[in-house]
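J.: Here it is: the structure, laid out below.
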Amino acid sequence: MTAMSLHIGSHVSIRGGYLEAAKTAERMGGRSFQYFPKNPRSLAVKSFDRRDAEACAAYCRDNRLLSIAHAPYPTNLATDDGEKRETVIRSILNDLAIADACGSVGLIVHFGVYKGPDPLQGYIRIVNTLNVVLHQWDGNAMILIENQSGEHARMGMTLEELTQIRSLTAAPERIGFCLDSCHMLASGLWDGHNWQEVVDKGHQLGYWPQLKAVHLNDSVYPTRSFKDRHANIGQGEIGRAGLLELLHTPMLQGIPIVLETPTPEPGTHEQEIRLLQQWMSE
Ligand SMILES: [Zn+2]
């Protein structure tokens, strides 16, 4: 496998709009990118520039770039019933509409955080929220559920939970997964030495065919630390050997693999993308 068969890219800013974000990704040598469809700190609905979004989609088609959108941080699928949940649902539908117009594969949403006494209530809320969204959404962009590190709640850390939640929804075919390598290590699912076990489990559970995106991050903290701190490639607890083992997994071909590692400025992942391409060609 060569670097060119993988769609490696990075998170980019939409400061200059969606088309500009795609151009920034291309300029950095990326073959994919991720963006926040709107302000990442707010669930307020955005009335977006459809023409700019469609220009982004056309540019990506012409340049064979793949993109994914990331829901704002306050998006919590396991949120309490009532008004807050309505806000989350409206926001996700807005994100999906933007992702669709931009021609993106899907919208990344974290598994969900529930801190009440009965974890089962958290899972029920996640399924219910997803069902309300799926009922109102008929676009092409998928909902891509991301595995969690366990920092905010010890849930969404296993492949069993991800595949089970998906299959319990009303339209599983419109839900896929995003694998975050930092979260996978921090949660203990991957300890840095058991990758084959993770691969086998993913096959048993039907996880891999639904994998639609990767967040490629090293981890500042070790396995079972449950801490979500992204490190630059090769400078964390996963390291070069671990990341290469992940990148050589055949199921990663043809899907966006996006860096969310620290940079001095958004849209400056150029060197890290080049480093990865170099590793893959050695
Ligand atoms: Zn991530």
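J.: Among the residues of the stretch 247-258, write down those that are within 28 Å of M155 (Cβ to Cβ) and in contact with a helix residue (DSSP H, G or I) (Cβ under 6 Å, 6 or more places away or on another chain).
T.: M251
J.: Next question. Restricting to the stretch 149-179, what's the tally of residues that are part of a strand (DSSP E or B), of a type outside the set (F, W, Y) and within 16 Å of the ligand (Cβ to nearest atom)? Let's see the steps before the verdict.
T.: The first filter runs over the stretch 149-179 and keeps only residues part of a strand (DSSP E or B), leaving 175-179.
The next check asks that each one be of a type outside the set (F, W, Y); those that pass are 175-176, 178-179.
Now restrict to residues that are within 16 Å of the ligand (Cβ to nearest atom): 176, 178-179.
Summing the residues that are part of a strand (DSSP E or B), of a type outside the set (F, W, Y) and within 16 Å of the ligand (Cβ to nearest atom) in the stretch 149-179 gives 3.
J.: Is one or more of the residues making up the stretch 104-112 away from the ligand (no atom under 16 Å from the Cβ) and either in contact (Cβ under 8 Å) with a residue 40 or more places away in the chain or in contact with a helix residue (DSSP H, G or I) (Cβ under 6 Å, 6 or more places away or on another chain) (or both)?
T.: No: the stretch 104-112 contains no residue that is away from the ligand (no atom under 16 Å from the Cβ) and either in contact (Cβ under 8 Å) with a residue 40 or more places away in the chain or in contact with a helix residue (DSSP H, G or I) (Cβ under 6 Å, 6 or more places away or on another chain) (or both).
J.: Condition first: part of a helix (DSSP H, G or I) and in contact with a Leu (Cβ under 9 Å, 6 or more places away or on another chain). Now tell me which residues in the stretch 185-195 satisfy that.
T.: W195
J.: Looking at G234, G242, G188, which is the one that is farther than 27 Å from E161 by Cβ and crowded, with 16+ Cβ neighbours inside 10 Å? Reasoning before the result, please.
T.: On the way: G242 fails: farther than 27 Å from E161 by Cβ; G188 fails: farther than 27 Å from E161 by Cβ.
Being farther than 27 Å from E161 by Cβ and crowded, with 16+ Cβ neighbours inside 10 Å holds for just one of G234, G242, G188, which is G234.
J.: Also, I was wondering about something else. Quickly run through the stretch 262-282 and pick out the residues that are surrounded by 18 or more Cβ atoms within 10 Å (Cβ to Cβ) and either outside any loop (DSSP other than H, G, I, E, B) or touching a helix residue (DSSP H, G or I) at 6+ places or on another chain (Cβ under 6 Å) (or both).
T.: Selection gives G267, E272, I273, L276.
J.: Taking the stretch 196-221, which residues are surrounded by fewer than 17 Cβ atoms within 10 Å (Cβ to Cβ) and in a strand (DSSP E or B)?
T.: none
J.: Give me the pairs, please: first residue somewhere in the stretch 65-87 and within 16 Å of the ligand (Cβ to nearest atom), second residue anywhere and in a loop (DSSP other than H, G, I, E, B) and of a type in the set (S, T, Y), beta-carbon distance under 7 Å, and either six or more positions apart or on two chains.
T.: S67/S104; I68/S104; A69/S104; P72/S42
J.: Sticking with this one: Can I92 be described as of a type in the set (V, I, T), under 16 Å from the mean Cα position of the chain (by Cα) and closer than 26 Å to N147 by Cβ?
T.: yes
J.: Same structure, new question: Check whether at least one residue in the stretch 222-236 is more than 16 Å from the ligand (Cβ to nearest atom), closer than 13 Å to G9 by Cβ and either out of contact with any Asp or Glu (no Cβ under 6 Å at 6 or more places or on another chain) or assigned to a helix (DSSP H, G or I) (or both), and report yes or no.
T.: Within the stretch 222-236, none of the residues are more than 16 Å from the ligand (Cβ to nearest atom), closer than 13 Å to G9 by Cβ and either out of contact with any Asp or Glu (no Cβ under 6 Å at 6 or more places or on another chain) or assigned to a helix (DSSP H, G or I) (or both).
Rule-based calculations on the coordinates, nothing more; no lab input. None of the values given here were measured: they were computed from a predicted structure. Note that each Cβ is placed from the backbone with ideal geometry, even for glycine, and that neighbours are counted across all protein chains shown.
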